[in-house]
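Visitor: Take this structure first; my questions come after.
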Amino acid sequence: MTRDDRIGTNGAAPTGVGSNGVGPGSVGSSGAGSSGAGASATSRVDGSRGVIVLHGEIDHASVGELDAHVAKVLAAGVTEVAVSFGSVTFFDSACLAALVRAREAVVERGGRVVLSDVNRYALRILELTGLDAVFAIEGQVRAS
Amino acid sequence: MRRGDGRPGTATDSGRAATNGHGDGGHTAVTNGRAWRTDPVTRVELRLDAAVENLPLLRLVAGDLAMRRDHDLDTISDVQMAVDEAAAALLEVIVGSDTLCCRFEAAPDAVRVSLEAWSAAPAGPDQDSLGWRLLTALVDVVRVSVTAAAGGGHRVCVEFTRTPAGSEAP
């Protein structure tokens, strides 16, 4: 069974984060378009794999969303967390720290964190921090 | 994405050099009867709430200034990330302050950023953090100062300079 939830960042309290009693696709009050910082994320669980798709700018102000989605897929018992960077326009060390926390949690289960749709600049930042050796990077590196 | 120089500035007396208020003798050039500012350095100063919600604003300003001075895309991205990390590190450490003062200076050969806030605590940013390691890898020079403020407390300042060839790009 696949569950797909969207949580928007609009500065409001993160109601709906991690709630399981709501139907597919209905968590949160807004999508990516209504966020002042232009950040949001979606997540779903495919068997033992949690898939998190990031959108917009993931920084110190908006990283709570990523943490919430990580907590959510971990609560579903996944052993692998896949994070897509295809729609990310900016990320900073807060995002990287959240991914490191996710990795620590999932490695305890014998799993891993996979990053996908990484562009050339994102790969450069991962290399500068040495995190390219920590995460599995899946697929082709995009030019931009 | 690059933009050329010669963006229109505030009109001044045509044909005469005009001061730009920074003591380094700004210049204007006249084309088609209009004065165009040709200063080699663009300066912006912002005073804003000391909150991480303002990081996108700082990135926007830093990126725009670097773009105006025709820096390459990696330099623009690096300056945006550097100002984000420097400000986040400063916001993390200041105590009892609600205002952040930011000065940006963009020249063709370098972008300089200074971030300053008052703090009740005499402590600078955590230089062992992931964000700080990223900051120092992205720019040429980072300086931190913690000095006594007039009237009590401390001024905590983080400054950095980034030149086009200044990153540790692999």
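Coordinate-derived values only; no laboratory data. In this text the structure is predicted, and so the values were computed from the model without any measurement. Backbone-built Cβ (ideal geometry, glycine too); neighbour counts: all protein chains shown.
Visitor: Out of residues 5 or more away from A:ALA39 or on other chains, whose amide H comes under 5 Å of its own, with H placed 1.01 Å from N in the peptide plane?
Guide: A:THR9, A:GLU57
Visitor: Mind computing the radius of gyration and Dmax over the alpha-carbon atoms of region A:86-140? Å is fine for both.
Guide: Rg then Dmax for region A:86-140, in Å: 11.0, 31.
Visitor: Under the rule of at least 5 residues apart or a separate chain, name every residue whose amide H is placed under 5 Å from the amide H of B:HIS71.
Guide: The list, which skips near neighbours in sequence, is empty: none.
Visitor: Taking a label point 7 Å from the Cα of B:SER129 along the Cα→Cβ vector, which residues of region A:67-95 have an amide N closer than 18 Å to it?
Guide: A:67, A:91-95, by backbone N distance to the label point.
Visitor: What does the average come to when, for each residue of peptide A:88-94, you count the partner chain Cβ atoms lying within 10 Å of its Cβ?
Guide: Going residue by residue through A:88-94 and averaging, the value is 6.
Visitor: Can you give the charge dipole size of region A:68-127 about its Cα centre, rounded to the nearest 20 debye, using +1 on the beta carbon of Lys and Arg and -1 on the beta carbon of Asp and Glu?
Guide: Dipole about the Cα centre, nearest 20: 40 debye.
Visitor: Go through region A:96-102 residue by residue and turn each phi into a ³J(HN,Hα) via Karplus (6.51, -1.76, 1.60, θ = phi - 60°); whole Hz please, and just put x for glycine and proline.
Guide: Along region A:96-102, the couplings run 4, 5, 5, 5, 5, 4, 4 Hz.
Visitor: Shape call for region B:109-170 from the C-alpha gyration tensor, a ≥ b ≥ c root eigenvalues: rounded (a/c under 1.5), prolate (a/b greater than b/c) or oblate?
Guide: It comes out oblate by the Cα gyration axes.
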